[in-house]
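The values are calculated or read from the model by the stated rules, or taken from the named source; none is laboratory data. Since this is a predicted model, take the numbers as computed values, not measurements. Heads up, the Cβs are rebuilt from the backbone with ideal geometry, glycines too, and the neighbour counts pull from every protein chain shown. Please note that ligands, DNA and RNA were not included when accessible areas were found on the heavy atoms of the full protein model with its side chains. Shrake-Rupley method; radii C 1.70, N 1.55, O 1.52, S 1.80 Å.
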Amino acid sequence: MGKTRTQPLRPAYSRSVSGACGRVLVVDDNKVIRHLIRVNLELEGFEVVTAADGVECLDLVHRVSPDVITLDVVMPGLDGLQTAARLRSDPRTRHLPVAIISACTAYEVDSGVAAGVDAFLAKPFEPTELVRLVRQLMEREDPPSLDGRQGAGTAERAAG
């Protein structure tokens, strides 16, 4: 006898969390990593929306209005660096804090800074580092620069 699913599949974006301390859009093509990040952030009171790639991120970002976006670098189609560059080129999203969560090479970090990424967190990461980074990005109050971006490209390092 096969098991039947009694609950519907969870949607790409979670229910509204009453009293949530902010909304994070988590973008990673690895379902396990997306779930790991989501659970760790939800346990700390964040509302989490997930996307499997850059195209889905760009589709969701205007509908869900996140406070912070985390991106993996290596994803099919539109990778994290290309997604960050597109977010920065859109006046509606250029101010959003963006963090790369990936096993980045030095070249990818340099490219991320050039694309306007705010912070980097290397995989594998400690959950406490993830939460600390998201909180820092959410709470920052950098004044907008002349091009309208709030501290974009300053690339804080979470690990050091």
Q) Which one of the conditions (1) closer than 22 Å to K31 by Cβ; (2) open to solvent by less than 40 Å² (accessible area, probe 1.4 Å) does E129 fail to meet, given that it meets all the rest? A) (2)
Q. Residues of the range 74-98 being closer than 24 Å to E139 by Cα and open to solvent by less than 50 Å² (accessible area, probe 1.4 Å), which ones?
A. G80, L81, T83, A84, A85, L87, R88, D90, T93, L96, P97, V98
